[in-house]
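Have a look at this one.
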Amino acid sequence: MSELIHRLQHNRKALVAAILLFLVLGTAAAVLIREVYAVSLRDCSVTVEPADCDYTGKAVKPKVVITHDKDTLKKGKDYVLRYRSNKNPGKAHVVIAGIGEYTGVVSPSFRIHVDPAKNLKADVKGDKKNEKNSVIHLTWEPSSCCDHYEITAARKLDKSEPKKYTTEDTAFDFKDVDGFGEYDFAVTAVAGPSKTLSAPADATAVINPLKQPVIQASSPGAGHIDVTWEPVAEAQGYVVTEKCESNGETDSVTVPADQTAASFLRRDKGNSYTYTMHAIATIDGQSYESPESEGVTTSPASPRMGQAIGGENGHTGNKAGDQKGGHEMATGKWSYSSKNHAWNNWKYVARFKDPQKAAIAAQAMKDACANDHIGYDQKPGGGRGELKKLAEAANWDMSAITTNCEASCSPLVGACVNCAGIDLPAPGSTGNSDFLRPLERTGEFDIITDKDYTSSDKNLMEGDILVSPGRHTGMVL
């Protein structure tokens, strides 16, 4: 009773009253004094640690801490306690009664819960990840103490009740897949006589109808990279992503399902580019993306050029068609000469404003150079429009021309421009000397005179038209 005496010593009136009671009632006064001046447990701070306990199948006895002011009460000296309902899952209590200098009874509660399963994973098994009869394999870390596990499975698109299963293992194969889509799973530990449930562990698996695509990347021309792939079953489109390795910038294009290629134009030849692709689809209201393809990295090809070179007899008097085994119209390395009178002393570069048209014109030049029906001759006057007429008759497909014909440098380049959908008149009787002006008048070209373009190939792009006035013209490939 030292604390009780201490308090009486600091309260003069209470001390006088206690002495009088003791003189009148003798030792019986001690009980009355205690009832009046002892500390009630309700005025103390009572905590149960931890307040949430795991079910173990045995009696659970969390620690009790009681403080008053700055003093911590001691069990057996200041209070006694006993636990109630502290074995099975649910709400439990600690009944605490004050003794000695403390009085009253308090009954704080704590909870016993079933330890849940943890880290639930749902993975689609085997080689049938993209089929409706797939198997979804569930695994989880065990509860510390439970009788079994309840599993619920539901397909998001279904409105029916979730399917339920039980197991004592920590793995389960879900075989009731009945369509594509997302499947939600919950695993709950069950324990105790009342079959108390733990908090659920959740996971989702997707039966994806779209398989991972495989892509390839190649460069058919200067600044031009093509990405190609085989069709993906069920795909309704494709998203191709490009990353420039030098600066990390990305670009994406969406391609319809009936196409299996995407072109990236006017890329710097000094850079490398990495490409990835995934397929997309919406089926039964559910959106899907296939796994991303493996990345492929490539760089744009160095510039080449296509041009009319010469006939079997020189500039004129040549037979229709290529008589030199593919050398009258030919592709080859880009070249330049600083000599003013050289055929390849380029003074101008005419660049398509539309890179798509540039790519079409460059392909037309490749097809023309590969077509042995097209030969070389500097025909005067109206003969210069022969190739344009035949290309138009072939629906602007140079590879489809089957009539032997002749053209020189400017009619060849001009016909390739026509194939790109640009209305360019056939070069006149003066040929290459007045070729630049018609290109300008179309409004489809930027005319470049910078020597970084005319005397070097580092900035040239597919479809660029090289012009040496009065001498020659060709096209960058």
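Provide the per-residue ³J(HN,Hα) series for the stretch 82-96, in order, calculated from phi with Karplus coefficients 6.51, -1.76, 1.60 and θ = phi - 60°, each as a whole number of Hz, with x at glycine and proline positions.
8, 9, 10, 6, 10, 10, 9, x, x, 8, 10, 10, 10, 8, 10
Please work out which option in (1) 1.44; (2) 1.38; (3) 0.95 gives Rg/Rh (Cα atoms, Kirkwood Rh) calculated from these coordinates, and answer with its label.
(1)
A further question on this structure: Quick one: compute the contact order of the stretch 84-159, relative version, from alpha carbon pairs under 8 angstrom and 6+ residues apart, as a percent.
This gives 22 percent for the stretch 84-159.
Report the extension gain between Thr250 and Lys175 in nm, rounded to one decimal, defined as 0.36 nm multiplied by the number of residues separating them, less their alpha carbon distance.
22.9 nm
Specify which residue in the list Val64, Ser455, Ile225 is farthest towards the positive end of the charge dipole of the chain, using unit charges on the beta carbon of Lys, Arg (+1) and Asp, Glu (-1), about the Cα centre.
Checking the options against the dipole of the chain, the answer is Val64.
Multiplying the sequence separation of Glu131 and Ser107 by 0.36 nm and subtracting their Cα-Cα distance, what value in nm do you get?
2.8 nm
Now a separate question. Where Lys and Arg each count +1 and Asp and Glu each count -1, what net charge lies around Ala154 among other residues with Cβ under 14 Å from its Cβ?
-3
Spelling out what I want: for every residue of the stretch 134-150, take phi, set θ = phi - 60°, compute 6.51 cos²θ - 1.76 cosθ + 1.60 (Karplus), and round to whole Hz; glycine and proline get x.
Computed from phi, the couplings for the stretch 134-150 are 5, 10, 9, 9, 9, 9, 7, 7, x, 6, 5, 7, 8, 8, 6, 10, 9 Hz.
What order, most packed first, do the peptides 403-414, 454-465, 434-445 have when packing is the mean number of other Cβ atoms within 10 Å of each residue?
Going by the mean number of other Cβ atoms within 10 Å, highest first, we get 403-414, 454-465, 434-445.
Right, another one. Give me the distance in nm between label points sitting 7 Å out from Cα along the Cα-to-Cβ direction at Thr47 and Lys156, one decimal.
Label at Thr47, label at Lys156, 4.2 nm between them.
If each DSSP helix of 4+ residues adds -39,500 (n - 2.57) and the sum is divided by the residues in the chain, what number results at 222 nm, nearest 500 deg cm²/dmol?
Value at 222 nm, helices only: -4500 deg cm²/dmol.
In addition: Using the structure shown, list the pairs from Lys118/Lys164; Lys388/Lys458; Lys118/Lys163; Lys269/Lys347; Lys324/Lys451; Lys319/Lys339 with a Cα-Cα distance above 28 Å, or answer none.
The pairs that break the limit, which is 28 Å between Cα atoms, are Lys388/Lys458; Lys324/Lys451; Lys319/Lys339.
For the stretch 299-350, what is the accessible area per residue in Å², given a 1.4 Å probe and the full set of protein chains? Write down the numbers at each step before the final one.
Numbers: 2700 Å² over 52 residues.
Averaged over the residues of the stretch 299-350, the accessible area is 52 Å².
By how many nm would the segment from Glu168 to Ser85 grow when fully extended, if each residue of separation counts as 0.36 nm and the alpha-carbon distance is taken off?
Gain on stretching Glu168 to Ser85: 27.2 nm.
Taking R0 as 35 Å, what FRET efficiency do you get between Ala233 and Tyr336 from their Cβ-Cβ distance, rounded to the nearest 0.05? Let's see the in-between values first.
Numbers: r = 50 Å, r/R0 = 1.42.
The calculated FRET efficiency here is 0.10.
Pop a pseudo-label 7 angstrom from the Cα along the beta-carbon direction at both Glu392 and Asp450 and give the gap in nm to one decimal.
So the two model labels end up 3.7 nm from each other.
Using a Förster radius of 25 Å, what is the FRET efficiency between Asp258 and Lys319 based on their Cβ-Cβ separation? Nearest 0.05, please.
That gives a FRET efficiency of 0.05.
Right, here's the next one. Set the Förster distance to 30 Å, then compute FRET efficiency between Lys77 and Thr56 from the Cβ-Cβ distance, nearest 0.05.
The formula returns an efficiency of 0.50 here.
The values are calculated or read from the model by the stated rules, or taken from the named source; none is laboratory data. Remember, predicted model here, so these are calculated numbers, not experimental data. Neighbour counts are summed over all protein chains in view; Cβ atoms, including those assigned to glycine, are modelled from backbone coordinates with ideal geometry. With ligands, DNA and RNA removed, areas are computed over all heavy atoms of the protein, side chains included. Shrake-Rupley method; radii C 1.70, N 1.55, O 1.52, S 1.80 Å.
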